[in-house]
Amino acid sequence: MMRALLLLLLALLGSGPRAETYGQREDVRAFIQEMRDKHDFDADVLMALFRQTKPIAAVIKAIMPPKDPAVRSWRSYRGRFIEPKRIAAGQRFMMTYAEELATAEARFGVPAEIIAAIIGVETIYGRQMGRFGTFAALTTLAFDYPPRAELFRRELEELLLLAREENRSSLTYTGSYAGALGLPQFLPSSRRRFAIDFDHDGRIDLSASPADAIGSVANFLAEHGWERDASIAIAVTVTGDGVQALIDAGIVPRYTPREMEAAKVNLARVGADDTAIPDQPAALIDFNTPEASPEYRLGYRNFYVITRYNRSSFYAAAVMDLAAELRASKQGIGRQTVVRDAIPQF
């Protein structure tokens, strides 16, 4: 039913110019009143912004869920990010900004490869930062995308606050269809809370300053609980009656491998590595590919922290695998494709 309503909305948005701009809508007028009461914004100034803003059909189309959300393929997803062009771009990025990455790693405890991998997954090192007007995109989602309207109204509020803090027009920001900004694709709330001036030029610029992007990504992860020199995740094989129950428990690391084994789950490390599995709280996470055997990883605290950046275990694993590629090249051992039986432990 919800998808049908969204398709109808998309058809209406794409049928031609609408008679109304957002400034003529009652729900937008209520939002303006809230911004005036809560943050002392000038209602006339906000009304002027919304009066020149119309819905963007491409934004709704881009954010709509797939027709069959049950069909998810880890191998397909992974292949989009662990690819030669992204690896090569990441190697160049790490060489160009080696000093900034090393400084961020020393300060925040986040490996340089993880920082670089996140920027690589997000925007291919600045190649795909998005060209949507951020104000219009967030307004479209805040008032014409019911499933996540509350989230995007908060982000629209954050964008207006950010613009005021930076003495900029809200209309000058550009980014992804979902309102994400710059090389690391921070939403406005993250931009205000976690972005830092890492190149010390007196301002934060996540689009034109890779140094600021590097420091901001590291700061985001550190603020969410990154553990210096700790494991991220390891590939395992699993058997036993308790496997599904552990998977259903989610991605928060709650049980040590010893406790998992006590719950009738047998764990073995994948590949030739005979290093003992760290007996620290972890989550058992499955990675499914249609018509293939599932893959499993034990995700530790740092794996969970990466999912705070994008709340997807696929995303965190892709970051981890791209980081492993970049780490291998940095160590001078050549390109090493990370496959299911050879996932390095950070």
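Which of these, 160, 206, 138, has the largest mean-square fluctuation under a Gaussian network model of the chain (Cα springs below 10 Å)?
Checking each option, the largest mean-square fluctuation is seen for 160.
Using a Förster radius of 25 Å, what is the FRET efficiency between residue 80 and residue 169 based on their Cβ-Cβ separation? Nearest 0.05, please.
On the way: r = 35 Å, r/R0 = 1.39.
E between residue 80 and residue 169, to the nearest 0.05, is 0.10.
Could you work out how far apart the two model spin labels at residue 33 and residue 67 are, taking each label as a point 7 Å from the Cα in the direction of the beta carbon, and quote it in nm?
Taking the simple label geometry, residue 33 and residue 67 are separated by 4.3 nm.
How about residue 54: which aspartates and glutamates have a C-alpha closer than 13 Å to its C-alpha, ignoring those fewer than 8 places off in the same chain?
20, 144
Let me know the longest stretch in the chain that avoids all trypsin sites (Lys or Arg not before Pro) found in a DSSP loop with at most 16 other C-beta atoms within 10 Å. Let's see the in-between values first.
Numbers: sites that count: 18, 25, 67, 72, 127, 131, 168, 203, 228, 254, 264, 311, 335.
Excluding the exposed sites themselves, the longest stretch runs over 73-126.
Using a Gaussian network model of the chain whose springs link C-alpha atoms within less than 10 Å, name the residue from 315, 255, 300 with the highest mean-square fluctuation.
255
Figure the gain on full extension for residue 131 and residue 276 (residue separation times 0.36 nm, minus the Cα-Cα span) and round it to one decimal in nm. Intermediate results must be reported in sequence, preceding the final value.
Details: separation 145, 0.36 × 145 = 52.20 nm, distance 4.73 nm.
Between residue 131 and residue 276, full extension yields 47.5 nm more.
May I ask you to sort 129, 95 by Cβ crowding, counting other Cβ atoms within 10 Å and putting the fewest first?
Numbers: 129 20, 95 11.
Lowest to highest Cβ neighbour count: 95, 129.
So for the pair residue 249, residue 192, with labels modelled 7 Å out along Cα→Cβ, what separation do we get in nm?
Distance between label points: 3.7 nm.
Fewest to most neighbouring Cβ within 10 Å: what's the order for 35, 320?
On the way: 35 19, 320 24.
With the fewest neighbours first, 35, 320 line up as 35, 320.
Over the stretch 97-203, what portion of Cα pair distances is larger than 19 Å, expressed as a whole percent? Show your work: numbers first, answer last.
On the way: 2770 of 5671 pairs.
Value for the stretch 97-203: 49 percent of Cα pairs lie more than 19 Å apart.
Among residues other than residue 36 whose Cβ falls under 11 Å from its Cβ, what is the net charge (Lys/Arg +1, Asp/Glu -1)? Display every interim value, and only then the final one.
Numbers: positive: 29, 38; negative: 34, 37, 40, 42, 44.
Here the charged neighbours net out to -3.
If I fit a long axis through the Cα atoms of helix 2-13 and take the longest principal axis of the Cα atoms of the chain, what angle between them do I get, 0 to 90°, rounded to 10?
The angle comes out near 40 degrees.
Computed over the Cα atoms of the chain, what is the convex hull's projected area averaged over all directions, in nm²? Could you put the intermediate results ahead of the total?
Working: hull surface 78.0 nm².
It is 19.5 nm².
By the scheme Lys and Arg +1, Asp and Glu -1, what is the net charge of all other residues having a beta-carbon under 12 Å from that of residue 224?
On the way: positive: 193, 301, 308, 311; negative: 223, 227.
Within the 12 Å Cβ shell, the charges total +2.
Pick from 276, 106, 222: which residue has the top mean-square fluctuation in a GNM of the chain where Cα pairs under 10 Å get a spring?
With Cα springs under 10 Å in the chain, the top fluctuation among 276, 106, 222 is at 276.
Which is farthest toward the positive dipole end of the chain among 236, 285, 126, measuring Cα position about the Cα centre, with Cβ charges +1 (Lys, Arg) and -1 (Asp, Glu)?
Farthest along the dipole direction, towards plus: 126.
Could you give the nm distance between label points at residue 96 and residue 203, where each point is 7 Å from its Cα heading toward the beta carbon?
2.1 nm
Just so you know, all these numbers are worked out from the coordinates, no wet-lab data involved. On a predicted model such as this, the values are computed, not experimentally measured, just so you know. A quick note on method: Cβ atoms are made from the backbone with ideal geometry, for glycine too, and the neighbour counts reach across all protein chains shown.
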